[in-house]
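The values are calculated or read from the model by the stated rules, or taken from the named source; none is laboratory data. Everything quoted here is computed from the prediction, not taken from an experiment. So basically every Cβ, Gly included, is an ideal-geometry build from the backbone, and we count neighbours across all protein chains shown.
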Amino acid sequence: MTRTRIAATGSYLPERIMTNAELESLVDTTDAWIRERTGIAQRHIAAPGETCADLARAAGQAALDAAGLAPTDVDLIVLATSTPDQVFPSTACRVQERLDVPAGAIAFDVAAACSGFVYALDVADRFIRTGGARRALVIGAETFSRILDWSDRSTCVLFGDGAGAVVLEAAESPGVYSTHLHADGRQESLLNVPWGVSQGYELLEGSRGKVSMRGNEVFKVAVRTLGAVVDETLAANGMSRADVDWLIPHQANIRIMAATARKLQLPMEQVVSTVEWHGNTSAASIPLALDVAVRDGRIQRGQVLLLEAFGAGFTWGSALIRY
Ligand code: COA
C-alpha cells in the first residue's frame with residue numbers, strides 16, 4: 001500500500017520586516033501589549049508588486065532544492081491561500097509556470113483560511129496514496145498585508161506575509177499517518193473578510209475587503225477545538241502524547257499554542273514557535289515553522305510531528321507525521 005513521506009521542506013519570507021515599534025506609529029498600541037497578548041515581535045511584509053505566487057514560487061524552489069529534485073519531478077501542486085494573485089487562473093498554476101513544472105501536471109488552490117496547509121496536505125496525501133500523483137509540492141502562501149485594515153489595532157498587529165512548502169512523495173511506509181479535517185460554517189461572523197467577487201465590487205469600500213475578527217471569541221473556540229482535534233489524532237493512531245516529538249501548531253497566538261501544549265502535557269521546548277518573528281501568516285504558518293525547525297536541526301528524521309490548525313470558516317484540522 002502506497003503511503004507518503006515528506007522529502008524536504010522550504011520557505012520564503014519577504015525582505016521587509018515590520019516591528020511592533022513601527023505599528024505604534026500607525027495605531028494606538030504598544031510593543032508590550034502585542035508581545036504580552038500574542039507573542040509577536042515582528043512580521044514580514046511583501047514588497048509592492050510582490051505577490052502570493054512570488055512567495056510561493058520561492059518557497060517551492062527552496063523545498064525542491066532541499067530535496068535535490070527538479071521541477072520535472074513534480075506532478076501535483078496544491079497551494080493553500082486566502083490571498084490569491086487573481087480570481088483565475090489559480091495561484092498554483094502561476095507557480096507551475098514560474099517553476100517550470102511540466103505541462104500536464106495537476107495544479108490547483110485550496111481555500112481553508114489558516115487551516116489551508118493542513119487541508120492541502122490532506123488532499124495531496126490522498127492523491128499520492130491512491131496513485132493519482134507520485135510527487136507533490138504542497139505550499140501555503142499568503143499576502144495578508146493586502147487584506148488588513150491598517151487602522152484596526154485589534155487585527156493589523158497580528159498578521160504577516162510568507163510562504164512555506166513541502167515536497168510530498170510516495171513511500172512504502174508513513175510518512176503521513178493520518179490527517180483530520182473539519183469545518184463549521186455557522187460561525188462565519190466571528191472571523192471573515194466580508195467581500196468577494198460574487199458579492200459585488202460596490203461592497204469594496206472602507207474596511208469591507210479587510211479582515212474582521214471578534215478576537216476574544218475566536219480565541220476561546222480555537223483553544224477548545226484544537227484540544228479536541230489533537231486528542232482525536234492521537235486516538236486514531238493509538239498513540240499518546242509521549243509518542244509526539246514536536247507539536248507544530250498554526251502560529252496565531254503564543255497563548256493558543258501554549259494552551260494546546262498544556263492540554264497535551266507537552267513542554268514548550270517541544271513546540272515549534274515562530275510566531276514571534278513571523279506573526280500569523282495564515283496558511284503559510286505551519287510549513288514555515290516546519291522548515292525553520294528542520295533547517296536549524298531541531299527536527300530530525302524519524303521523529304513524530306503533530307501539526308494542528310484553526311482558522312476562518314471555521315475550519316480546523318491536524319496531521320500526524322513521521323518525518
Ligand atoms: N493594542 C492595544 N490594545 C488592544 C489592541 C492592540 N493592538 N488590540 C486590542 N486591544 C484592546 C481592546 O480594544 C480591548 O480594550 P478594552 O478592554 O478597552 O475594550 C483590550 O485590548 C482587550 O481586548 P481583547 O480582544 O479582549 O484582547 P485579547 O486578550 O483577547 O487579545 C487577540 C486579542 C486578538 C490577540 C486575541 O483575542 C487572539 O489572539 N484571538 C485569536 C486570534 C486568532 O487566532 N485569529 C485567527 C485564527 S487563525
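Looking at the stretch 268-321 only, could you name the residues that are within 16 Å of the ligand (Cβ to nearest atom), within 17 Å of S178 (Cβ to Cβ) and assigned to a strand (DSSP E or B)?
Matches in the stretch 268-321: L307, E308, A309, W316, G317, S318.
Among (1) away from the ligand (no atom under 16 Å from the Cβ); (2) out of contact with any strand residue (DSSP E or B) (no Cβ under 6 Å at 6 or more places or on another chain); (3) not in a loop (DSSP other than H, G, I, E, B), where does A59 come up short?
A59 satisfies every listed condition except (2).
Which members of the stretch 62-75 meet the condition of being surrounded by fewer than 20 Cβ atoms within 10 Å (Cβ to Cβ) and part of a loop (DSSP other than H, G, I, E, B)?
Once the filter is applied, which keeps residues that are surrounded by fewer than 20 Cβ atoms within 10 Å (Cβ to Cβ) and part of a loop (DSSP other than H, G, I, E, B), the stretch 62-75 yields G68, L69, A70, D75.
Which condition from (1) of a type in the set (V, I, T); (2) part of a strand (DSSP E or B); (3) within 16 Å of the ligand (Cβ to nearest atom) is the one that V78 breaks?
It fails just one condition, (3).
Take the residues in the stretch 227-247 that are closer than 19 Å to G302 by Cβ and without any contact (Cβ under 8 Å) to a residue 60 or more places away in the chain, then tell me which one is nearest to the ligand (Cβ to nearest atom).
R241
Taking into account only those residues within the stretch 149-175 that are under 30 Å from I34 (Cα atoms) and out of contact with any strand residue (DSSP E or B) (no Cβ under 6 Å at 6 or more places or on another chain), which is surrounded by the most Cβ atoms within 10 Å (Cβ to Cβ)?
V157
When you scan the stretch 1-34, how many residues do you find that are in contact with a Ser or Thr (Cβ under 7 Å, 6 or more places away or on another chain) and either part of a helix (DSSP H, G or I) or crowded, with 19+ Cβ neighbours inside 10 Å (or both)?
The qualifying residues number 2.
Could you tell me whether any residue of the stretch 132-145 is under 21 Å from the mean Cα position of the chain (by Cα), more than 15 Å from A284 (Cβ to Cβ) and assigned to a strand (DSSP E or B)?
Yes, there is a match, as at least one residue in the stretch 132-145 is under 21 Å from the mean Cα position of the chain (by Cα), more than 15 Å from A284 (Cβ to Cβ) and assigned to a strand (DSSP E or B).
Restricting to the stretch 148-177, name every residue that is outside any loop (DSSP other than H, G, I, E, B) and away from the ligand (no atom under 16 Å from the Cβ).
A163, A165, V166, V167, L168, E169, A170, A171, V176, Y177
Go through R37, R43 for me and flag whichever is in contact with a Leu (Cβ under 9 Å, 6 or more places away or on another chain), surrounded by 13 or more Cβ atoms within 10 Å (Cβ to Cβ) and farther than 21 Å from R98 by Cβ. Walk me through it before giving the result.
On the way: R37 fails: in contact with a Leu (Cβ under 9 Å, 6 or more places away or on another chain).
Every option except R43 fails the conditions.
Considering only residues that are in a loop (DSSP other than H, G, I, E, B) and in contact with a Gly (Cβ under 9 Å, 6 or more places away or on another chain), look in the stretch 246-267 and name the one that is surrounded by the fewest Cβ atoms within 10 Å (Cβ to Cβ). Break it down into steps so the answer makes sense when it comes.
Filtering the stretch 246-267 down to residues in a loop (DSSP other than H, G, I, E, B) leaves 250-253, 265-267.
Add one more test, that the residue is in contact with a Gly (Cβ under 9 Å, 6 or more places away or on another chain), and what stays is 250-253.
Working: H250: 33, Q251: 30, A252: 28, N253: 23.
So, considering only residues that are in a loop (DSSP other than H, G, I, E, B) and in contact with a Gly (Cβ under 9 Å, 6 or more places away or on another chain), the one surrounded by the fewest Cβ atoms within 10 Å (Cβ to Cβ) is N253.
List every residue pair whose Cβ atoms sit under 6 Å apart, with the two residues 6 or more apart in sequence or on different chains, where the first one lies in the stretch 1-25 and is at pLDDT 95 or above and the second, anywhere, is polar (S, T, N, Q) and part of a loop (DSSP other than H, G, I, E, B).
If the second residue must be polar (S, T, N, Q) and part of a loop (DSSP other than H, G, I, E, B), the pairs left are R3/S173; L23/T29.
If I ask for residues that are part of a loop (DSSP other than H, G, I, E, B), crowded, with 24+ Cβ neighbours inside 10 Å and within 19 Å of the chain's Cα centre (by Cα), which ones from the stretch 83-126 would you list?
If the condition is that a residue be part of a loop (DSSP other than H, G, I, E, B), crowded, with 24+ Cβ neighbours inside 10 Å and within 19 Å of the chain's Cα centre (by Cα), then A112 is the only one that fits.
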